[in-house]
Amino acid sequence: MKIDHLVVNVDPFIQEDRAFISSVQAAGLPYQPKWGKGTKGFKVSNIWIGSEYFELVRIKKPDGGGWVKDWTERYNNGHRGLVGLALDVEDIEASYRKISGKEISITPPEPLRFRWFFNLLQRTMPWRNAYLTALQGVPLQIFLQQMKDEKSRSFMNQYMVPNSRDNAINGIREVIIYGELTDDDKRLLRALFDNCEEQEDELTVRLQSQVIRFIKSAEHKTEVILQCDNQELADKTLQLHNIHIRNG
């Protein structure tokens, strides 16, 4: 299991303002917001970081045009920032059975589908997702993802350009989420992850080469530390709504 991508609700300027786009690029993160999937109801732009990425989503019409319903509702209610955390798993069916067996709500694995071209065509993405119930203490939903096969993964990797690995920024190292987890939230996290380390004000999950931390705080915000092997770009930062991104 590893962090695959972070889904972020964004305002239009994140995808349109030249000064902001330049600030992303100055941090060593190549960014072409005009590229990416979308319909009349939503627009996605991606910041590719090695094999991981930020999926930046702007809702253009109230119905979301086929985007995830709950996230569309959050967007329409004013939420900006991290809304979804995708975890890449090797066997999504086994993960689904394990989690649902612990009486945690999770949707059956299904491919992401959305309609486009005046609602006449349907596009099915080459992966399946299974969504856990949203956390209560922070506005975040964790979900599992598995590619259809290695051929599909290789095909999708061709689209992960321009990529920050060209600047020796090779992936997401750590995600730190500040907020107030409820007891049910902690039960969900313990069911999802086998290695939760709990202290009084912090819950830590160690994945293959990544770390997720939940730190108790009255203020909700997120920090993302990237794996940067470029001394010239070390410690460069970027603010994306309430997400602070740093080359580590």
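The values are calculated or read from the model by the stated rules, or taken from the named source; none is laboratory data. Everything numeric here is computed off the predicted structure, so don't read it as measured data. A quick note on method: Cβ atoms are made from the backbone with ideal geometry, for glycine too, and the neighbour counts reach across all protein chains shown. With ligands, DNA and RNA removed, areas are computed over all heavy atoms of the protein, side chains included. Shrake-Rupley method; radii C 1.70, N 1.55, O 1.52, S 1.80 Å.
Tell me whether the range 159-175 contains one or more residues that are hydroxyl-bearing (Ser, Thr, Tyr), in contact (Cβ under 8 Å) with a residue 60 or more places away in the chain and surrounded by 13 or more Cβ atoms within 10 Å (Cβ to Cβ). Yes, some residue in the range 159-175 is hydroxyl-bearing (Ser, Thr, Tyr), in contact (Cβ under 8 Å) with a residue 60 or more places away in the chain and surrounded by 13 or more Cβ atoms within 10 Å (Cβ to Cβ). For the range 169-187, residues that are closer than 23 Å to Thr133 by Cβ and assigned to a strand (DSSP E or B) total 5.
Just one of the numbered conditions (1) at pLDDT 95 or above; (2) open to solvent by 50 Å² or more (accessible area, probe 1.4 Å) is not true of Ser154: (1). Scanning the range 8-23 for residues that are touching a residue at least 24 places away in the same chain (Cβ under 8 Å) and either among the charged types (D, E, K, R) or crowded, with 21+ Cβ neighbours inside 10 Å (or both) gives Val8, Asn9, Val10, Asp11, Ile14. Scanning the range 63-110 for residues that are open to solvent by 60 Å² or more (accessible area, probe 1.4 Å) and touching a Lys or Arg at 6+ places or on another chain (Cβ under 7 Å) returns a single hit, Glu110.
Please verify whether Lys34 is touching a Ser or Thr at 6+ places or on another chain (Cβ under 8 Å), open to solvent by 10 Å² or more (accessible area, probe 1.4 Å) and outside any strand (DSSP E or B), treating the condition exactly as stated. Yes: the conditions hold for Lys34. Exactly one residue out of Asn77, Asn9 is over 22 Å from Phe214 (Cβ atoms) and of a type outside the set (Val, Ile, Thr): that is Asn77.
A quick yes/no check of all residues on (1) among the basic types (Lys, Arg); (2) open to solvent by 10 Å² or more (accessible area, probe 1.4 Å); (3) under 18 Å from Val83 (Cα atoms):
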| position | (1), (2), (3) |
| --- | --- |
| Asp185 | no, no, yes |
| Glu202 | no, yes, no |
| Thr222 | no, no, yes |
| Gln227 | no, yes, no |
| Glu232 | no, yes, no |
| Thr237 | no, yes, no |
| Asn247 | no, no, no |
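Counted as qualifying within the range 188-244 are the strands (runs of 3 or more DSSP E) with 2 or more residues that are farther than 20 Å from Pro139 by Cβ, namely 196-198, 202-206, 221-228, 237-240. Entry remark, the range 39-62: residues being open to solvent by 30 Å² or more (accessible area, probe 1.4 Å) and either on the phi > 0 side of the Ramachandran plot or part of a loop (DSSP other than H, G, I, E, B) (or both) number 5 in total.
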